[in-house]
Amino acid sequence: MMLRMAAQGWVCVSADYRLSPHATFPDHLVDLKRALAWVRSHVAEYGGNPDFIVVAGQSAGGHLASLVALTAKPPGVPAGLRAG
């Protein structure tokens with residue numbers, strides 16, 4: 001999907017996050033909220049719009065994308081970051 005979107009001119013970012021069982025909830029969500037904050041801070045450098053961010057994923061990534069979109073900033077994300 002990312003290759004198709006990039007071919008259409010979208011700026012695409014693939015974020016990595018800690019995996020279970022070494023990481024436990026909400027570690028995964030914190031990692032992705034931090035990634036989202038980074039994207040918002042830097043996407044304009046790549047031609048993207050920081051006010052229009054789309055999150056997507058499949059399987060566990062789809063579940064985490066939903067949590068990223070539907071939750072407030074969890075503990076562990078530095079104050080002042082627009083993370084969700």
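The values are calculated or read from the model by the stated rules, or taken from the named source; none is laboratory data. What you see is a predicted model; the values in this text were computed from it and never measured. As a convention, Cβ positions derive from the backbone with ideal geometry for all residues, glycine included, and neighbour counts pool all protein chains shown. Please note that ligands, DNA and RNA were not included when accessible areas were found on the heavy atoms of the full protein model with its side chains. Shrake-Rupley method; radii C 1.70, N 1.55, O 1.52, S 1.80 Å.
If I ask for residues that are surrounded by 11 or more Cβ atoms within 10 Å (Cβ to Cβ) and closer than 13 Å to A65 by Cβ, which ones from the stretch 3-14 would you list? Before the answer, list the steps.
Initial filter on the stretch 3-14 (surrounded by 11 or more Cβ atoms within 10 Å (Cβ to Cβ)): 5-6, 10-13.
V13 - this is the single residue of the stretch 3-14 that is surrounded by 11 or more Cβ atoms within 10 Å (Cβ to Cβ) and closer than 13 Å to A65 by Cβ.
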Within the stretch 7-38, can you find the residues that are modelled with pLDDT of 95 or more and assigned to a helix (DSSP H, G or I)? A7
Within the stretch 15-54, the residues that are open to solvent by 70 Å² or more (accessible area, probe 1.4 Å), farther than 13 Å from L64 by Cβ and in contact with a helix residue (DSSP H, G or I) (Cβ under 8 Å, 6 or more places away or on another chain) are N49
Return a yes/no flag: does the stretch 57-76 have any residue that is in a helix (DSSP H, G or I), open to solvent by 60 Å² or more (accessible area, probe 1.4 Å) and basic (K, R). no
